[in-house]
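**Q** Please see the structure below; I have some questions.
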């Protein structure tokens, strides 16, 4: 197996969204892609916590590391005007309640940081305890800021 | 600005693809999402190198760091049987010429590692020199292993 140790500096929303994406469509595709990857890696951790996937301490740590890097990506891609341009499930509350959206994103990042620490501990019980709050933060944010169906 | 320093261990293809994805569709969506994010972050670096985006040493370093984490993700998602299940542009050569595909992925990862070092040097000329080989590695792999049009 090939390993790469990175001393990684991840900056949340390091550039204004307007500078990052030329078209709203690009921002929508970007944030949806980040969510897809986050879901895949969190799904593996949740699967181990729930016994659907055999627990493997190294794989858990690796998945948590990737998730920790991804968790900062989507939130720079909700700039003004990105409510249309491609099919999206965003609710207008992302912009009308920007403080609430920020709180949700902070909650998720904090929960993922704890999950990452738990996964790196190599302890399955710690992993189990840390998965729930991340799942709750996903669901809470989706309930508040994501529609059931795609619009546009 | 909010910064997070991560000591990140990224493992390429840490789990067999069969264990990672329950359905071929999931693998296809995952690898396409990873490519979308890689394209976005590389695009920002290329934009700075080409003068389309104002050079910002810190933003360059951040984008290169994210790209360095992403560059290992897609290649675990080309397991056998993932040539169909969702629209995809994969060529069958990914499987019939697996060694060639591995060479291309190694080339890209090496080129991205050099780009990351260049971006972190804060030197625009170094960035300019390192962007080209990454772009060449993208194109070379796409020429060999990606169709023009989606199939399925």
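**Q** Compute the label-point distances linking residue A:99 to its equivalents in the other copies; points lie 7 Å from Cα along Cα→Cβ; give nm, one decimal, shortest first.
**A** Label-point separations across copies, in nm and ascending: 6.4.
**Q** Label-to-label distances across copies for residue A:58, with labels 7 Å out along Cα→Cβ, in nm, shortest first?
**A** Output for residue A:58: 3.8 nm, nearest copy listed first.
**Q** Measure nothing but the geometry: give the 0 to 90° angle between the long axis through the Cα atoms of B:124-145 and the longest principal axis through the Cα atoms of chain B, rounded to 10°.
**A** Tilt of helix B:124-145: around 10 degrees.
**Q** Still on this structure: Just tell me how shielded B:92-103 is by partners: mean number of partner chain Cβ atoms within 10 Å of each residue's Cβ, no decimals.
**A** Other-chain Cβ atoms within 10 Å of each residue's Cβ, averaged: 0.
**Q** Further question on the same structure: Between B:49, B:126, B:80, find the one with the highest GNM mean-square fluctuation for chain B; connect C-alpha pairs within less than 10 Å.
**A** Among B:49, B:126, B:80, the largest mean-square fluctuation in the Gaussian network model of chain B belongs to B:80.
**Q** Still on this structure, please answer the following. What is the mean number of Cβ atoms from other protein chains located within 10 Å of the Cβ atom of each residue in peptide A:22-28, rounded to a whole number?
**A** Shielding by partners across A:22-28 averages 1.
**Q** Can you put A:23, B:91 in order of Cβ neighbours within 10 angstrom, beginning with the fewest?
**A** Going from least to most buried by this count: A:23, B:91.
**Q** Next question, about the same structure. How far is helix B:98-121 tilted off the main Cα axis of chain B, in degrees rounded to 10, range 0 to 90?
**A** The angle comes out at about 20 degrees.
**Q** Determine, for A:149, B:139, A:128, the number of other Cβ atoms within 10 Å of each Cβ, and report the residues in order from fewest to most.
**A** A:149, B:139, A:128
**Q** Nearest 10 degrees, 0 to 90: what angle lies between the long axis of helix B:24-49 and the longest principal axis of chain B (Cα atoms)?
**A** Value to nearest ten degrees: 20.
**Q** If you average the alpha carbon positions of region A:49-118 and of region B:62-88, how far apart do those two centres end up, in angstrom?
**A** Their Cα centres are 19 Å away from one another.
**Q** Something else about it: Taking the Cα of residue B:22, stepping 7 Å toward and past its beta carbon, and measuring to each backbone N in region A:45-89: which are under 15 Å?
**A** In region A:45-89, the label zone of residue B:22 (backbone N under 15 Å from the point 7 Å along Cα→Cβ) covers A:45-54.
**Q** If I take every Cα pair under 8 Å that is 6 or more residues apart in chain B, average their sequence separation and divide by the length, what percent do I get for the relative contact order?
**A** Taking the mean separation of contacting Cα pairs over the length of chain B, I get 30 percent.
**Q** Based on a Kirkwood Rh over C-alpha pairs, give the Stokes-Einstein translational diffusion coefficient of region B:30-152 at 4 °C and viscosity 1.567 mPa s in µm²/s.
**A** Roughly 87 µm²/s, to the nearest whole number.
**Q** So for region A:72-152, averaging the separation of alpha carbon pairs under 8 Å that are six or more residues apart and normalising by length, what relative contact order in percent results?
**A** After rounding, I find 46 percent.
**Q** Based on other C-beta atoms within 10 Å, arrange A:30, B:78 from fewest to most.
**A** Going from least to most buried by this count: B:78, A:30.
The numbers here are math on the coordinates, done by the rules we state, and not lab data. What you see is a predicted model; the values in this text were computed from it and never measured. Backbone-built Cβ (ideal geometry, glycine too); neighbour counts: all protein chains shown.
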